[in-house]
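The values are calculated or read from the model by the stated rules, or taken from the named source; none is laboratory data. This one's a predicted model, so the numbers in the text were calculated from it and none came from an experiment. All Cβ positions, even for glycine, are placed from backbone atoms using ideal geometry, and neighbour counts span all protein chains on display.
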Amino acid sequence: MARKETDHPDYHFIKVVMTNGTEYTTRSTYGKEGDTLNLDIDPNTHPAWTGGTQQLLDRGGRVSRFTSKFGNLGIGGKK
């Protein structure tokens with residue numbers, strides 16, 4: 001069976017901007033050629049790379065809703 005050109009996603013160069021403003025060019029299927037991807041979390045800010053000393057950001061109240069619903073389970077909460 002012959003492959004169609006549409007069988008594969010468009011793989012092109014984009015610019016990635018990290019949280020500290022540094023940027024690099026990489027190949028990706030994100031967006032289109034020349035687009036910019038601005039990261040909210042990267043190795044400079046994510047607790048997995050920084051040692052876990054930063055507080056978790058509450059985006060859209062998700063952490064607050066979880067804490068109010070399941071806070072009494074005692075998992076990682078304040079005692």
Out of all the residues in segment 34-49, is one or more hydroxyl-bearing (Ser, Thr, Tyr), modelled with pLDDT of 85 or more and surrounded by 10 or more Cβ atoms within 10 Å (Cβ to Cβ)? yes
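Can you pull out the residues in segment 23-51 that are in a loop (DSSP other than H, G, I, E, B) and within 16 Å of the chain's Cα centre (by Cα)? Lay out the reasoning, then the answer.
To start, the set of residues in segment 23-51 that are in a loop (DSSP other than H, G, I, E, B) comprises 29-35, 39-46, 51.
Answer for segment 23-51, where residues must be in a loop (DSSP other than H, G, I, E, B) and within 16 Å of the chain's Cα centre (by Cα): Thr29, Tyr30, Gly31, Leu39, Asp40, Ile41, Asp42, Pro43, Asn44, Thr45, His46.
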